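Just below is one structure, and these are the notes that go with it.
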Amino acid sequence: MNRNRIVVLVLVLFLLLLGISTYMSYNRMVDLQEKVERDWSQVQNVYQRRADLIVNLAKVVKSYATHEQETLRQVTEARASATAMTVDASNLTPEALMQFQAAQDGLSQALGRLMVIRENYPTLKADAQYNTLMIQLEGTENRITVERKRFNETAQTYNTAIRRFPTTIIASMFGFEKRPYFEAKTGTDVAPDLDL
């Protein structure tokens with residue numbers, strides 16, 4: 001009879017420890033998942049700030065550069081495409097992140113064409129509002145870099161946690177899935193050849 005009690009007691013303790021471990025692991029994964037979603041929201045916020053600044057910048061350029069309507073149209077279309085592309089943080093797949101990044105890259109290219117216009121219009125270079133917007137845009141680009149880095153770090157912590165044993169078992173039971181990272185564009189690892 002004592003032997004049965006010991007076996008039952010050991011079994012109960014084992015199940016209790018298993019339950020506590022599962023509870024703690026699940027809650028940790030939820031916390032990490034929330035941090036990933038928070039950091040993703042911040043990435044979207046700074047990209048939205050950039051899109052808003054570009055609208056104001058395009059308006060200032062338009063008042064000076066009446067012959068640059070095609071470039072302004074391209075900037076407007078690229079901004080519309082970039083802001084229309086939204087990715088839900090709870091369903092952040094590698095494909096969705098690639099589409100989001102492609103839309104943002106299109107906006108960056110259009111912005112580059114808008115910057116070239118500046119060289120053709122000396123009065124635009126001297127415009128205080130234009131220069132203020134350029135400073136804000138530069139700061140926003142830096143924020144984008146910082147927020148993307150922060151997102152990648154948070155996603156790495158989350159991804160590591162759901163892949164470790166025994167947490168990986170609990171993660172698969174409750175549907176916690178790996179999150180993608182922002183990656184450098186292909187070819188950015190090679191320095192450009194400057195033919196001087």
* Structure fact -> Being assigned to a helix (DSSP H, G or I), exposed (fewer than 13 other Cβ atoms within 10 Å of the Cβ) and of a type in the set (Val, Ile, Thr) narrows Thr154, Thr145 down to just Thr145
* To do: Starting from residues that are within 26 Å of Phe151 (Cβ to Cβ) and charged (D, E, K, R), keep the ones in region 50-72 and report whichever is most open to solvent (accessible area, probe 1.4 Å).
  => Asp52
* Structure fact -> Among Ala103, Ala110, Ala80, the single one that is under 25 Å from Lys178 (Cα atoms), modelled with pLDDT of 80 or more and of a type in the set (A, V, I, L, M, F, W, C) is Ala103
* Inspect region 30-52 for any residue being over 30 Å from Ile169 (Cβ atoms), in a helix (DSSP H, G or I), without any contact (Cβ under 8 Å) to a residue 12 or more places away in the chain and more than 30 Å from the chain's Cα centre (by Cα) and give the result as yes or no. => no
* Asked: Counting only residues that are within 16 Å of Leu53 (Cβ to Cβ) and open to solvent by less than 30 Å² (accessible area, probe 1.4 Å), how many does region 73-116 have?
  -> 8
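Here's the yes/no breakdown for (1) within 24 Å of Tyr130 (Cβ to Cβ); (2) touching a residue at least 60 places away in the same chain (Cβ under 8 Å); (3) more than 12 Å from the chain's Cα centre (by Cα):
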site	(1), (2), (3)
Glu68	yes, no, yes
Ala80	yes, no, yes
Asp88	no, no, no
Asn91	no, no, yes
Glu95	no, no, yes
* Take region 116-131 and flag every residue that is within 14 Å of Ser63 (Cβ to Cβ), of a type in the set (A, V, I, L, M, F, W, C) and under 32 Å from the mean Cα position of the chain (by Cα). => Ile117, Ala128
* State whether the residues of region 118-141 include one that is within 30 Å of Phe176 (Cα to Cα), crowded, with 18+ Cβ neighbours inside 10 Å and modelled with pLDDT of 85 or more. => no
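The values are calculated or read from the model by the stated rules, or taken from the named source; none is laboratory data. From a predicted model like this one, the values you see are computed outputs, not experimental measurements. Virtual Cβ from ideal backbone geometry, glycine too; neighbours counted across all protein chains shown. Calculation scope for accessible area: heavy atoms of the full protein, side chains included, ligands and nucleic acids excluded. Shrake-Rupley method; radii C 1.70, N 1.55, O 1.52, S 1.80 Å.
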